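Student: There's a structure below that I have some questions on.
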Amino acid sequence: MQVTADTGERLVCAVLAAQVAAIRDRVDGDATVDLLWRTADLLTRLSRLVVELSRRDPGADPQLDEQCTAAVMAEAEISRSLDAMAFVQAQRQDVARQMADCVVMALERLAAVDAAQDAPPGQPPGARLSPGDLAALYVCEDQRAVHDAVARQFGIGVPSQVSQPAGRNLEGTGP
Amino acid sequence: MPAILILDDSATMVMSLSRILKNAGYDVETAANGRDGMAKITGGLKPCVILTDLNMPHMDGIAFIKEARRNPSTRFTPILMLTTESAANKREEARAAGASGWLSKPTQPSDLLTTLKQLLPSK
C-alpha cells in the first residue's frame, strides 16, 4: 500500500492521539488519591484502637492516657488534612485528564479517514479543524491562555474565547 | 434526609466528592453524566441539592440543568456546578440555564461545604 503525504499525516495524528490518550489514562489512574484515602482510613482505625485500649484500663497510666488523647486529637486533624489533600488532588487530576482529552479529540478529528468529505464549506479538503473549532473543545482558561500565546507567535490576534456551545457534548467521548 | 446528587464522569471525582460529603453528614447519590442523572430523577429521586460537572459525555452539565428545570420535582432544586471552567461566558450560560452556583476546580472542601450550606440553609 502506498502511503501518501496526507495518509502519513493522518497516521501521525492518530498515533499522537493514542499516545496522549495513554498519558490521559495514566493521569486518571494515578494512585495518589487512593493512597491518601487509605492512609486517612488507616489512621482513623488506629485511632479508634487507641481509644478502645485506653478504655479497657482507664487510669492505669495517666501519662500514657494523656499521650493517647493527644494522639487521637492529632489523628483527627491529620485525617482531615489528608482528605482535603486527596480532594484537591482528585480535582487536579480531573483537570489534567480533561485537558488531555481535549487534545485527543482534536487529533482524532485531524486523523479522520474521511477527512476530505468532512471539510467545512469554504475550506479546502484537509482543513478539518480551525483554531475556532479547537477553541470550542477547551475546558479551562489555561488552555485558552496557551492558545492565545501561540496565536500571537503566529501573528494572529484572534482570541480563543469563542461561544460555540456543545463542542464536547459528543457521544462516546471521554474515558 | 434527602440526598445530594453528584454528577461527574470521573469515578475518582465521584468518590472524592462522596467521601467529603458523607464525612460532613450528607447522604449521597451519584450519576456518571447528565443522562444518568435525569434517569435517577425521573425514576423518583428527589435530591435536596445537585452537584454537577460541566463537561460530561452523553449529556453535559448545561443540558442537564435545562432538563432538570423542566422537571417538576427538580424545578427549584439548588444546582451547583463544580467544573474546570471559569470563563465568564460559560458561567453566564449556566446561570441562564438555571444553575444556582458555580465553583471552579480545584476548590477546597471547606469552600464546597460552605457553598452547599448557603444553598441549603436548613442544613
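The values are calculated or read from the model by the stated rules, or taken from the named source; none is laboratory data. These numbers come from a predicted model, not from an experiment. All Cβ positions, even for glycine, are placed from backbone atoms using ideal geometry, and neighbour counts span all protein chains on display. Just so you know, the surface numbers come from the protein's heavy atoms only, side chains and all, with ligands and any DNA or RNA stripped out. Shrake-Rupley method; radii C 1.70, N 1.55, O 1.52, S 1.80 Å.
Student: What net charge is computed for the residues neighbouring B:Thr74, neighbours being all others with C-beta under 15 Å from the C-beta of B:Thr74, Lys and Arg scored +1, Asp and Glu -1?
Tutor: For residues surrounding B:Thr74, the net value is +4.
Student: Something else now. At a probe size of 1.4 Å, how large is the accessible area of A:Val150, to the nearest 10 Å²?
Tutor: Spelled out: A:Val150, probe radius 1.4 Å, area about 70 Å².
Student: I'd like the Karplus ³J(HN,Hα) series for segment A:66-81: coefficients 6.51, -1.76, 1.60, θ = phi - 60°, whole numbers in Hz, and an x wherever there's a Gly or Pro.
Tutor: 3J(HN,Hα) across segment A:66-81, in whole Hz: 4, 5, 5, 4, 5, 5, 5, 5, 5, 4, 4, 5, 5, 5, 4, 5.
Student: So for A:Asp133, B:Asp8, what's the accessible-area order with a 1.4 Å probe, most first?
Tutor: A:Asp133, B:Asp8
Student: Before I look further, what does segment A:1-85 give for accessible area per residue, probe 1.4 Å, in whole square angstrom?
Tutor: With all protein chains present, segment A:1-85 gives 73 Å² per residue.
Student: Which whole-angstrom value gives the distance between the alpha carbon centres of segment B:30-83 and segment A:31-91?
Tutor: Using only Cα atoms, the two centres lie 36 Å from each other.
Student: Can I ask one more? Using modelled backbone amide H atoms (1.01 Å from N, in-plane), which distant-in-sequence or interchain residues come within less than 5 Å of B:Trp102's amide H?
Tutor: HN-HN under 5 Å from B:Trp102: B:Met81.
Student: With all pairs of different alpha carbon atoms counted, what Kirkwood hydrodynamic radius in Å does segment B:1-81 show?
Tutor: Averaging 1/r across every pair of different Cα atoms and inverting gives 12.3 Å.
Student: If you put +1 on each Lys and Arg Cβ and -1 on each Asp and Glu Cβ, how big is the dipole of the protein assembly as shown around its Cα centre, in Debye rounded to 20?
Tutor: 820 debye
Student: Tell me whether segment B:1-42 comes out rounded, prolate or oblate; compute the Cα gyration tensor, take square roots of the eigenvalues as a ≥ b ≥ c, and use a/c under 1.5 as the rounded threshold.
Tutor: Note, shape of segment B:1-42 comes out oblate.
Student: So what J values fall out for segment A:44-52 if you push phi through Karplus, 6.51 cos²θ - 1.76 cosθ + 1.60 with θ = phi - 60°, rounded to Hz, Gly and Pro as x?
Tutor: Those phi angles translate into 5, 5, 5, 5, 5, 5, 4, 4, 4 Hz.
Student: Can you list residues whose amide H is under 5 Å from B:Thr30's amide H, if they're 5+ apart or on another chain and H is modeled 1.01 Å from N?
Tutor: B:Ile6
Student: Just the number, please: buried accessible area between B and A, total of both chains, 1.4 angstrom probe, nearest 100 square angstrom.
Tutor: The buried area between B and A, both sides summed, comes to about 2500 Å².
Student: On the accessible surface of chain B, probed at 1.4 Å, how many percent belong to carbon and sulfur atoms?
Tutor: With neighbouring chains kept in place, the figure for chain B is 51 percent.
Student: For a quick check: with amide H placed at 1.01 Å from N, whose amide H comes under 5 Å from B:Val49's, ignoring anything fewer than 5 positions away on the same chain?
Tutor: The list, which skips near neighbours in sequence, is B:Leu5.
Student: Could I ask something else about it? Between rounded, prolate and oblate, where does the protein assembly as shown land on the alpha carbon gyration tensor, with a ≥ b ≥ c its root eigenvalues, rounded for a/c under 1.5, else prolate if a/b exceeds b/c?
Tutor: Prolate.
Student: Tell me, which residues of segment B:38-60 get at least 30 Å² less accessible area when the other protein chains come in, versus the chain alone (1.4 Å probe)?
Tutor: Buried by the other chains: B:Asn55, B:Pro57, B:His58, B:Asp60.
Student: Provide the net charge surrounding B:Gly34, with neighbours chosen by a C-beta distance below 12 Å and charges set as Lys +1, Arg +1, Asp -1, Glu -1.
Tutor: Net charge around B:Gly34: -3.
Student: Follow-up. Any idea what the relative contact order of chain B is, in percent, if you count C-alpha pairs under 8 Å spaced at least 6 apart?
Tutor: Taking the mean separation of contacting Cα pairs over the length of chain B, I get 23 percent.
Student: Would you mind working out the magnitude of the charge dipole of chain B relative to its Cα centre, with +1 at each Lys and Arg C-beta and -1 at each Asp and Glu C-beta, to the nearest 20 Debye?
Tutor: The calculation lands at about 360 debye.
Student: Using the charge dipole of chain B (Lys, Arg: +1 at Cβ; Asp, Glu: -1 at Cβ; taken about the Cα centre), state which of B:Leu45, B:Asn23, B:Ser110 has its Cα farthest towards the positive end.
Tutor: Toward the positive end, the furthest listed residue is B:Leu45.
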